[in-house]
Amino acid sequence: AAEGQWVLMATGRSPTNIAVIKYWGKRDEALILPVNDSISVTLDPDHLSATTTVAVSPSFPSDRMWLNGKEISLSGGRFQSCLREIRKRARDFEDEKKGINIKREDWEKLHVHIASYNNFPTAAGLASSAAGLACFVFTLGKIMNVKEDYGELSSIARQGSGSACRSIYGGFVKWCMGKKDDGSDSIAVQLADETHWNDLVIIIAVVSSKQKETSSTSGMRDSVETSPLLQYRAQTVVPSRVLKMEEAIKNHDFESFAKLTCADSNQFHAVCLDTSPPIFYMNDTSHRIISLVEKWNHSEGTPQVAYTFDAGPNAVLIAQNRKTAALLLRKLLYYFPPEDKDLSSYLVGDKSILGD
Ligand code: 2P0
């Protein structure tokens, strides 16, 4: 900033979230309103999260953004929607010591610089838009002294990327599709906080680090336009599945949780296959991981692990506890031996889980 001019800064961090009841399909593309409710679990912020610093200064001539150190365009409609919605709700801000006094209407004229980092390799092919947009909206809201509740913030993050609305909270989160045309009731709510079911261990098996071929946005547009299964899923399957999932989460009922999670992942990928032209997000390795888990669960007579796959081939595996997580890791390493034997480069997070 030029001499004598102030810079106001805030930094936030948001983890990504993994849907166990999937969002796939919009009824309104501009407002990002979904065709069904979805439920997710927000990951631990130490892994797979975005850290975003927002700076505001009268010396900034324009809005600019850097992602992982590289400048990216802010011209996209979605970023602009989030910026506009937060600016609309900005309030007076005063810091006497620093001699800063910003009136509500001044925010319209002040430009922002945004720097966002993901603490995981973007090349790993893991969704980053949810964490990034949630963090951007939350941090921008802080700096502009926005006082809206989390539900309202989630509906702003939703306009950046649908799944981002769920990353406003930790723990288990439901994105209610809402009924209204203006999207004001399409918000995320927390079902249970991050302490509720903390025995669960989530393992992400990176199957391919390539960027996905079909973006979620265009993939779901094609599915809405061409898949008859999507209509059936949204109207008939998901409403009762959401109720059952809420019960399973409330009661720590891992058997129901795992069955619903796997079934919903498989139905989402069936919708992709039912799309014209068909969308293939999973690959042969993904299918082999499903078989491994299905066989294991079947042989034990009760689910040990749940699997779920998003718009890519990487497996998200949810184990009931540390003991099953350790067993799962051993099975994965046995059936899918890494070329590089140095496991430390594969495991992020709690490495002690494998034992000696
Ligand atoms: C989900 N996915 O519920 C589903 C499951 C991928 C598969 O939300 O167009 O990046 O920005 O609203 O949120 C990915 O879609 O799409 C997604 P937009 P988004 O997590």
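Odds and ends about this structure:
- The condition of being in the same structural domain as residue 329 (by TED's automatic domain parsing) and more than 13 Å from the ligand (Cβ to nearest atom) does not hold for residue 268.
- Single condition residue 207 does not satisfy, out of (1) modelled with pLDDT of 95 or more; (2) under 30 Å from residue 330 (Cβ atoms): (1)
- Any hit, segment 296-315, residues being part of a helix (DSSP H, G or I) and within 20 Å of residue 207 (Cβ to Cβ): yes
- Only a single item in (1) in contact with a helix residue (DSSP H, G or I) (Cβ under 7 Å, 6 or more places away or on another chain); (2) of a type in the set (A, V, I, L, M, F, W, C); (3) surrounded by fewer than 21 Cβ atoms within 10 Å (Cβ to Cβ); (4) closer than 20 Å to residue 17 by Cα is not met by residue 270, and it is number (4).
- Test for residue 178: is it assigned by TED's automatic domain parsing to the domain that holds residue 131 and surrounded by 17 or more Cβ atoms within 10 Å (Cβ to Cβ): yes
- Hits in segment 132-153 (condition: within 12 Å of the chain's Cα centre (by Cα) and more than 11 Å from the ligand (Cβ to nearest atom)): 135
- Extreme residue, surrounded by the fewest Cβ atoms within 10 Å (Cβ to Cβ), among residues of segment 197-207 that are assigned to a loop (DSSP other than H, G, I, E, B) and more than 16 Å from the ligand (Cβ to nearest atom): 198
- The listed residues are 194, 225, 213, and the only one of them that is within 16 Å of residue 19 (Cα to Cα) and surrounded by fewer than 20 Cβ atoms within 10 Å (Cβ to Cβ) turns out to be 194.
- Residues located in segment 17-37, provided they are of a type outside the set (A, V, I, L, M) and outside any strand (DSSP E or B): 22, 23, 24, 25, 29, 36, 37
- For segment 280-304, the tally of residues that are over 30 Å from residue 223 (Cα atoms) and of a type in the set (D, E, K, R) stands at 2.
- Residues in segment 154-196 that are within 18 Å of residue 27 (Cβ to Cβ), within 16 Å of the ligand (Cβ to nearest atom) and touching an Asp or Glu at 6+ places or on another chain (Cβ under 8 Å): 159, 174, 175, 176, 177, 178, 183, 187.
- Within the option set 40, 14, 81, being in contact (Cβ under 8 Å) with a residue 12 or more places away in the chain, surrounded by 14 or more Cβ atoms within 10 Å (Cβ to Cβ), in a helix (DSSP H, G or I) and of a type in the set (Ser, Thr, Tyr) holds for one residue only, 81.
- Comparison of 258, 234, 263 shows that the only residue that is small (Gly, Ala, Ser) and without any contact (Cβ under 8 Å) to a residue 24 or more places away in the chain is 263.
- The number of residues in segment 84-113 being touching a residue at least 12 places away in the same chain (Cβ under 8 Å), acidic (Asp, Glu) and under 21 Å from residue 62 (Cβ atoms) comes to 2.
- Checking each residue in segment 271-289 for being part of a helix (DSSP H, G or I) and more than 21 Å from the chain's Cα centre (by Cα) picks out 273, 284, 285, 287, 288, 289.
The values are calculated or read from the model by the stated rules, or taken from the named source; none is laboratory data. Keep in mind the model is a prediction, meaning the values are calculated, not measured. So basically every Cβ, Gly included, is an ideal-geometry build from the backbone, and we count neighbours across all protein chains shown.
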